[in-house]
Structure formats: structure tokens, C-alpha cells
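The values are calculated or read from the model by the stated rules, or taken from the named source; none is laboratory data. No experiment lies behind these values; they were computed from the predicted model shown. Neighbour counts are summed over all protein chains in view; Cβ atoms, including those assigned to glycine, are modelled from backbone coordinates with ideal geometry. Please note that ligands, DNA and RNA were not included when accessible areas were found on the heavy atoms of the full protein model with its side chains. Shrake-Rupley method; radii C 1.70, N 1.55, O 1.52, S 1.80 Å.
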Amino acid sequence: MNEEQRSLLLESFSRFPPPKGVKLSYGTAGFRADASLLESTVYRVGILAALRSLKTQSVIGLMITASHNKVSDNGVKIADPDGGMMTQRWEPFADALADAWDPYEFLCLIDDFVRKESISFDDDHTAEILLARDTRPSGEALLKAAKQGISCIVGAVSHDLGVLTTPQLHWMVRAKNKGIEATERDYFEQLLNSFRCMVDLIPGGRKTNLNSENLIVDGANGVGGEKLEVLKELCDDLVIDIRNSSKTGGMLNEGVGADFVQKEKVVPCGFGSIDIGMRCASLDGDADRLVYFLVLPHGSKIDLLDGDKILSLFALFIKEQLSVLNEDGHGTTNSHYHGHLGIVQTAYANGASTNYLKNLGLDVALTPTGVKYLHEKAAEYDIGIYFEANGHGTILFRENFLSWLESRKDELLSISKEKHKAALRLLAVSKLINQAVGDALSGLLLVEAILQHMGWSIHMWNKLYVDLPSRQLKVKVVDRTVVVTANAETLVVSPPGIQDTINALMGNYPQGRCFIRPSGTEDVIRVYAEATTQEAADSLANSVAVLVDQLLGFGSMQ
Ligand code: NG1
Ligand code: ZN
């Protein structure tokens, strides 16, 4: 680094002192905290994004959001050149940068890192960063801090894209680096063109009346509802009743949104008995999660169709297309099977969904919680479908497989119309579903297209399998980092002894399954339990939560 660069960094450092006594870390989804604590962190992530752009010589994304967390929180994360999450290799540097207190320590840290990573500051490559934020009131000021961070790397430029969903920004970063048009309009057009293509390929033609009930969407009072309004205006075929859009004045994520619906299993605000039996969906605060639900008669209870059920619907559809593509004309499968399909879940996946998928003959892999792990695993297949139970997920297509489909699709037409259509459907799915991260808007369009393709109502979809009753709890602890897990978080290896007690408790319940793990986004230990009855799942989760509280918490539970 030359003198100009050093003095730029030193001068700006003094304007963004880190908050005293707060240590932040780049968790499951970037840095998250109360928004009032984040200015300095966001400024530093601006620097980080610029360095990442120099290193990769590509466009990088920086998103200001705290997703489903409360409106007073905020967060910041980086999108890598392929639109995925920032490489885990850079996370320790992100942590050190966010926590550096002394200006010279700060400078040395950057200097050493730049040298270690061989990042060059030559004039041929300048950093370029796309910035966006969700609808949180703190977003605008934090975005300014990010710009300040970026501008203290010599030559770096930022483009403020304003309010976007998280997946829109990731999509744009990916598109820009592939040399594809990358405006918001392009995003909407790609989604709608591929959606229309899927609808045109419905067996027996377009059947608009198949899903006679309307779709009603809860926008979490956030950016997702706002963007869905745009999508609806651009497409006459989309009949959607959008509630809790950010423009209706309700509080972000307060009694609304995918996280609330999934965890509480009750109707969000704005929904009630008039919606009984209708097809309802809920997005989270930055629209990277999607769940569907059915309002049940009497009270506020719902039947939840979570990420696992969305995954199962997608898996069934993709498997069907692959079978048609690979059939040899005598009802048997070709020996040269094209398109290895893999499913990726976490330990939070309902056991009934995993059984269902395995019974379909599919490969199911488990990874630790966090999109980065699921995404990485899914990228190992020709088609990898991953979902967290909370509704975050997508379908990844390997480039080679897509090129093979593209090159074969016309030839397939002379062999069989059905094979040709199966290839076209797979190509349409690859364009519709976000290849960078889970995206509630594209996920919603794909669910709608597949339901129409199958001729299914939400009730029929819901019957694919019956969820095992489950309960998720969280326990506040002194230091969540003392809990270390293994085997995709299904086993506690430290502190010693806890796993034996959990095993003994699980043994008390038929089909009892329970695990604990430290959250990556909150200062808690999460407890998940599953059993054959709700009472048993509740009781198992409670007894393990009490154990965690006694050993690691404040002893306030009994
Ligand atoms: P943590 O706090 O690490 O459990 C939560 C979700 C993740 C993921 C991240 C990022 C659960 C149990 N955990 O992570 O799946 O979505 O937030 O938003 O839902
Ligand atoms: Zn989110």
C-alpha cells in the first residue's frame, strides 16, 4: 500500500470508532446487531468489499439487512462474484477488521492481509461494488457508512441500487460478472419469461383455472411485498392478493413474515378466518425465505408447508423431468443417465421429509446450518436442490449439464416431444430459480408453476407427507461458543457429557430426535426436538433446554 492509501485509511478510521465492549463476528449471514452499533462495522465491511473486489477482479455486492430479525436490528454481508456468500476463508479477516480498536493495528491488519493475498492496487483493476439495503429505517445511514469505507480504497467505485431484496442483489452481482444485463428490470424479465415458459409447457396446455383459489401473500411489511407488487403489475397471469407490503405501514417482521409463521405456526397479522382453505404464502423481511400455509378453521392455527415441503415439491418435479429425459423408449432408464440430482438439507429438516425424499430414491445429504454450507454441497451435483426448513433454498444447475441440455434440446425433438419438453422445462427452471441464493420471489413463481403443471391444489401438495411434530426453543447462555458440534450439528462433542444426557432423554420418546447448536446470528443455544406427538416433542425440547440452561445458562428455567 502506498502513502496515499495509508493516510486515506487512517483518516477515515478516526471517523468510525468501533462501539466499546462489543465484539461482532461474521456469522451464518454476515454481521448482525442492533443498528445503533453497526456504523463502524459497516464502514469496515465497505473496505472489505473493495479488497475482495480487487482480489477477485470482479464486481462484489454489499447488502444491508437483518432479514427476519426485528426492525431495530440491522446487518451487513458480502456477495462474492458468483453471487454466493463471501468465501469462508475471508471470515477471520472480516472479524479481525470489525474488531480492530487501534488505528495502527487496523492499518497493519490490512497491510498484512493485502500482502498475504497478493492484492494489487494497480490502475488496471479498480474495485467495483453494488450496494443495496432492505426497508429498515437505519439502512440509509448504514449504506452511507459502507460508501465511506469503499471510497477509502483508492479508485474504488460503488453503485447504490437503493432498496432491493437480498436475492435481487446477489442475482445482479452474478449477472454483472457474467456480462449479462443486470438491472432490476432484467431480473424481473428473466423471472417472468421463464415462468411463462413453464406455464406454456403445462401438459394439455394452459389451465388457468386449476388453482381456483387465489394466492394470498404476506410480505412481512418489508421489501418482498413491494417487489411482488411490481412483478404482479408486469404479469397479467399473476393473480395475487398481497398483504403486509411495506407500504401499508405495519412494522417489519412484527407478527408477520416467514420466520414468524414458521416458528409460531400461527397466522400472520392481516390473515384470518376469511382465508380458511386458501393458498397462502409468507416471505421474510428481505425476501430470501418463503413458506406456504393453510389457515385452519377455529382459532389462529395453520398447516405449514415449510422449506422441506417446497423442496419435496421441487424434487418431485425435477425427478419427473429427468426420468422422461432418460427413459429409453421401453419404459426403462437409459444406462447413460444424464443429470445427477442431489438433495441437501440440515438437521432442522423434518424427519418425515427426509424419509419421503429417500423413499423417492433420491440422494439426501446433511450439512451444518447456514446457506454457505448447503450451497457448497448442492453445487456438487448436476442439479442440487437445497432448502432449510425455514424456507431458504434454491436449485443449482451445473453449467456443463445446462450446456448439454441446450445442445441436445433440438435433437431431442426428433426423438420424442416429451423429452424435448422435459429439457425445455429444466432449462426454464434454471432461469427462473435464482442460481445465487434462495429467493422467495423466484421460489414462489416456481411453486405456482409446478402446482399448475401437476394440477394440484395446496391441499394435495400438503399431503405429500405428514410432518412429525417438532419444537424449536432457544436458551440464553453465558458463552454460546463453548458448544461444539459434529456430524452436521447432530452431535455435541463439547462440553463432554451433554450428548450422553441428550441421548438418554431421546430414548424416552418413540422416534424422539433432538439436537442443540449455537446460533450463528443470536446469542443463544438453539434446541430442536421431534417426536411422534406434539406433547412428546415439546417435552423432549423442554427437558433438553432445561439441561442446557443448568449447565451453560443462567439457571432461570426449571
Ligand atoms: P442461526 O441463528 O445460526 O440458527 C438462522 C437460521 C438459519 C439461517 C440464518 C441466517 C434457523 C434454525 N436458523 O441461523 O437457518 O437462515 O439464521 O438468516 O432457522
Ligand atoms: Zn432473510
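Applying the set (1) open to solvent by 10 Å² or more (accessible area, probe 1.4 Å); (2) assigned to a helix (DSSP H, G or I); (3) more than 15 Å from ligand 2 (Cβ to nearest atom) to residue 259 leaves exactly one unmet item: (3). Beta carbons closer than 6 Å, at least 6 apart along the sequence or on distinct chains, pair a first residue in the stretch 541-558 that is within 15 Å of residue 498 (Cβ to Cβ) with a second that is assigned to a loop (DSSP other than H, G, I, E, B) for 546/557; 549/557. Looking only at residues in the stretch 97-110 that are open to solvent by 20 Å² or more (accessible area, probe 1.4 Å) and modelled with pLDDT of 95 or more, the one that is nearest to residue 58 (Cα to Cα) is 109. The residues listed here are 20, 77; of these, the one that is under 16 Å from the mean Cα position of the chain (by Cα) and of a type in the set (Lys, Arg) is 77. Taking the listed residues 356, 348, 337, the one that is outside any helix (DSSP H, G or I), of a type outside the set (Gly, Ala, Ser), touching a helix residue (DSSP H, G or I) at 6+ places or on another chain (Cβ under 7 Å) and open to solvent by 10 Å² or more (accessible area, probe 1.4 Å) is 337, with no other qualifying. Pull up the stretch 505-521, narrow it to residues that are within 14 Å of ligand 1 (Cβ to nearest atom) and touching a residue at least 60 places away in the same chain (Cβ under 8 Å), then point me to the one that is farthest from the chain's Cα centre (by Cα). Among residues in the stretch 505-521 that are within 14 Å of ligand 1 (Cβ to nearest atom) and touching a residue at least 60 places away in the same chain (Cβ under 8 Å), the one farthest from the chain's Cα centre (by Cα) is 515.
For the stretch 53-68, filtered to residues that are open to solvent by less than 20 Å² (accessible area, probe 1.4 Å) and of a type outside the set (Val, Ile, Thr), the residue that is nearest to ligand 1 (Cβ to nearest atom) is 67. In the stretch 538-555 there is no residue that is within 16 Å of ligand 1 (Cβ to nearest atom), under 30 Å from residue 31 (Cα atoms) and part of a loop (DSSP other than H, G, I, E, B). Exactly one residue out of 270, 285, 257, 277 is within 13 Å of ligand 1 (Cβ to nearest atom), touching a residue at least 40 places away in the same chain (Cβ under 8 Å) and farther than 23 Å from residue 375 by Cα, and it is 257. Can you confirm whether residue 443 is within 24 Å of residue 357 (Cα to Cα), in contact (Cβ under 8 Å) with a residue 12 or more places away in the chain and surrounded by fewer than 22 Cβ atoms within 10 Å (Cβ to Cβ)? It is false that residue 443 is within 24 Å of residue 357 (Cα to Cα), in contact (Cβ under 8 Å) with a residue 12 or more places away in the chain and surrounded by fewer than 22 Cβ atoms within 10 Å (Cβ to Cβ). Of the strands (runs of 3 or more DSSP E) entirely within the stretch 479-524, none holds at least 3 residues that are open to solvent by 60 Å² or more (accessible area, probe 1.4 Å), over 30 Å from residue 67 (Cα atoms) and within 16 Å of ligand 2 (Cβ to nearest atom). Taken together, 534, 499 contain a single residue that is out of contact with any helix residue (DSSP H, G or I) (no Cβ under 7 Å at 6 or more places or on another chain) and either free of Cβ contacts under 8 Å to residues at least 12 places away in the same chain or within 11 Å of residue 476 (Cα to Cα) (or both), which is 499. The set of residues from the stretch 370-382 being within 16 Å of ligand 2 (Cβ to nearest atom) and either among the basic types (Lys, Arg) or open to solvent by 50 Å² or more (accessible area, probe 1.4 Å) (or both) comprises just one member, 372. Scanning the stretch 525-558 for residues that are surrounded by fewer than 22 Cβ atoms within 10 Å (Cβ to Cβ) and of a type in the set (Asp, Glu) turns up 535, 538, 549.
A residue that is in contact with a Ser or Thr (Cβ under 7 Å, 6 or more places away or on another chain) and at pLDDT 95 or above can be found somewhere in the stretch 498-514. Just a yes or no: is a residue in the stretch 455-462 assigned to a loop (DSSP other than H, G, I, E, B), touching a Pro at 6+ places or on another chain (Cβ under 9 Å), away from ligand 2 (no atom under 16 Å from the Cβ) and over 24 Å from residue 373 (Cβ atoms)? So far as the stretch 455-462 goes, yes, one or more of its residues are assigned to a loop (DSSP other than H, G, I, E, B), touching a Pro at 6+ places or on another chain (Cβ under 9 Å), away from ligand 2 (no atom under 16 Å from the Cβ) and over 24 Å from residue 373 (Cβ atoms).
One line per residue, one yes/no per condition, for (1) closer than 16 Å to residue 142 by Cβ; (2) in a loop (DSSP other than H, G, I, E, B):
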position	(1), (2)
71	yes, yes
77	yes, no
93	no, no
111	no, no
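Remark: pairs (first residue in the stretch 372-393, farther than 23 Å from residue 257 by Cα; second residue open to solvent by 30 Å² or more (accessible area, probe 1.4 Å) and modelled with pLDDT of 95 or more; Cβ separation under 6 Å; 6+ apart in sequence or on different chains) = 381/340; 382/340; 382/398.
Of the residues that make up the stretch 113-134, is at least one over 22 Å from the mean Cα position of the chain (by Cα) and within 25 Å of residue 522 (Cα to Cα)? Within the stretch 113-134 (the criterion being over 22 Å from the mean Cα position of the chain (by Cα) and within 25 Å of residue 522 (Cα to Cα)), the answer is no, since none of the residues qualifies.
Might you check whether a residue that is open to solvent by 10 Å² or more (accessible area, probe 1.4 Å), farther than 24 Å from residue 465 by Cα and within 16 Å of ligand 2 (Cβ to nearest atom) occurs anywhere in the stretch 359-369? Looking for residues that are open to solvent by 10 Å² or more (accessible area, probe 1.4 Å), farther than 24 Å from residue 465 by Cα and within 16 Å of ligand 2 (Cβ to nearest atom), one finds none in the stretch 359-369, hence no.
Among the residues of the stretch 120-150, the ones that are out of contact with any strand residue (DSSP E or B) (no Cβ under 7 Å at 6 or more places or on another chain) and at pLDDT below 95 come to 6 in all.
When residue 63 is tested against the conditions (1) farther than 21 Å from residue 8 by Cα; (2) assigned to a loop (DSSP other than H, G, I, E, B), the lone failure is (2).
In the set (1) in a loop (DSSP other than H, G, I, E, B); (2) away from ligand 2 (no atom under 16 Å from the Cβ); (3) buried (at least 24 other Cβ atoms within 10 Å of the Cβ), residue 81 fails one condition alone, (3).
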